[in-house]
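Okay, structure first, notes after.
Taken together, the values in this text are just the output of simple stated rules run on the coordinates, not laboratory data. These numbers come from a predicted model, not from an experiment. So basically every Cβ, Gly included, is an ideal-geometry build from the backbone, and we count neighbours across all protein chains shown.
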Amino acid sequence: MSKPSPLIQHEFPVGLVVVQACIIPLIALLGWQLSGVLVAKSAAIGALIGWLGSSYAAWKSFRFGGNGRLMLVGFYQGMAGKFIIVIAGFFIVFRTVHPLSAGALLAGFAAVQAMSWVYPVWLGRKKSNRKA
């Protein structure tokens, strides 16, 4: 007897989290090339804060598979948890990491968040090219 395919495909959230993780060293390398170690460290920390929040939200949102009610509850819990992780992360970093480039920290965070917009577009083009 064959196993039915799940209602929710986990490739998208897993792929997004992996892409966000892969961009962290690229952000640090770019910051290092542009302005040195301080900017690289700050940008990487900001990217890591964004990635931790996104990873938690993806895990909470998609762990229940096809159960719609549990997924909705998980989505709300994941977004609330992401908000808390991000706020706590910025608070801890601003209080403990010195010296710090605040602009690079926020740029690293924004770059990871931008992957949430870029990855679906890239995935859609990849799928449309495969069909053609």
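Which ³J(HN,Hα) values in Hz, rounded to whole numbers, follow from the phi angles of segment 24-40 under the Karplus curve 6.51 cos²θ - 1.76 cosθ + 1.60, where θ = phi - 60° and Gly and Pro get x?
Per residue, the Karplus-derived 3J(HN,Hα) values read 4, x, 5, 5, 5, 5, 5, x, 5, 5, 7, 9, x, 5, 4, 5, 4 Hz.
What distance in nm lies between label points placed 7 Å from Cα along the C-beta direction at residue 63 and residue 98?
If labels sit at residue 63 and residue 98, their model points lie 3.8 nm apart.
Place a +1 charge on the Cβ of each Lys and Arg in the chain and a -1 charge on the Cβ of each Asp and Glu, then give the dipole magnitude about the Cα centre in debye, rounded to the nearest 20. Show your work: numbers first, answer last.
Working: 12 positive and 1 negative charges, 94 e Å.
Dipole about the Cα centre, nearest 20: 460 debye.
By per-residue mean of other Cβ atoms within 10 Å, what is the highest-first order of 103-110, 117-124, 72-79? Present the calculation step by step, with values, prior to reporting the outcome.
Numbers: 103-110: 20.2, 117-124: 12.5, 72-79: 15.5.
Top to bottom by mean Cβ count within 10 Å: 103-110, 72-79, 117-124.
Can you compute log10 of I(q)/I(0) for the chain with the Debye formula, treating each Cα as one identical point scatterer, at q = 0.13, 0.16 Å⁻¹?
Log-scaled intensity ratios, in q order: -0.63, -0.85.
Once the Cβ-Cβ distance between residue 22 and residue 79 is put in as r, and R0 is 25 Å, what FRET efficiency do you end up with, to the nearest 0.05? Write down the numbers at each step before the final one.
Values: r = 23 Å, r/R0 = 0.93.
With a Förster radius of 25 Å, E is 0.60.
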